[in-house]
Amino acid sequence: MTSKNTLSVEGIVILSRDYKDADKSLVIFTKDRGRLSFVAKGVRKLNSKNRSSTDLLVLGEYHLSRGKAYFILNQGQVLEGFMNIRKDLLKTTVAMTITVFLNDVLVDNMSQGEVYELLIWTLRRLETTKDPKFLLRYFLIKSILFLGHQPNLDFCSLCEKNNRDYFFQFSEGNLVCGDCTKEGFYLDSNLIQIYKILETDSFNQLKDFDMSKAVLEKLDYFLEKMIEHITDKRFTGFDYLKKLTFEV
């Protein structure tokens, strides 16, 4: 139930920070309102009834009241806790990378229903997947598409010709063929096709392409720079992953 001074929403906690002595400052991602911030008073106390609903990555139902400067949590209920993610360091790190991305790209009071549904789908599969980094790449590529920032990977932005080899210029967001320039991030046809396959869910085609560690590291770099181009700020999400030593 929603009125002028109250609000009831379903959302996923994407940012949770300690605030004052026993409170938390929270950001949740909601389907219809995008990013929504509020304060949860007293939830760091062990006997708080709302304590579990304010944990990072919890999908919950939140009943809020409007304060003078911000919304205040009256009651929170956990709908899904995604506990299996928390038991695995790599999966937790992938989830943290996703939350950093969402906090960078989401806007307050702007519906992003496709990204919201994608996030729930991703977290549910992250609990059981054997390849968390593949799931992360898929989530980022699909989110970039849903947010309206799909890069042109089909033809040169200058001569409009198709080519096998391109250079991507992140400062302009342009794809330029090797005949027009030799400056930028080199994208060969293999990497371009992998990106397109993930974008269109054609996973069965991946077996036909080079998916070596070196190629996937290039894809990660491309995604990192794409996100920085979209947000106009340094993307720190991959910093968590870079601190871990593991095989892709």
Task: Residues of region 34-70 satisfying the condition of being among the small types (Gly, Ala, Ser), in a loop (DSSP other than H, G, I, E, B) and more than 20 Å from Arg86 (Cβ to Cβ) - done: Gly42, Gly67, Ala69
Task: Residues (in contact with a Phe, Trp or Tyr (Cβ under 7 Å, 6 or more places away or on another chain) and without any contact (Cβ under 8 Å) to a residue 40 or more places away in the chain) located in region 87-114 - done: Glu114
TODO: Name the single residue, out of those in region 19-33 being under 20 Å from the mean Cα position of the chain (by Cα) and part of a loop (DSSP other than H, G, I, E, B), that is surrounded by the fewest Cβ atoms within 10 Å (Cβ to Cβ).
DONE: Asp32
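Table: residues versus (1) modelled with pLDDT of 90 or more; (2) in contact with a helix residue (DSSP H, G or I) (Cβ under 6 Å, 6 or more places away or on another chain).
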| site | (1), (2) |
| --- | --- |
| Leu123 | yes, no |
| Asp131 | yes, no |
| Leu153 | yes, yes |
| Leu158 | yes, no |
| Phe167 | yes, no |
| Gly184 | yes, no |
| Ser189 | no, no |
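The values are calculated or read from the model by the stated rules, or taken from the named source; none is laboratory data. Predicted model only: the values in this text are computed from it and were never measured. Backbone-built Cβ (ideal geometry, glycine too); neighbour counts: all protein chains shown.
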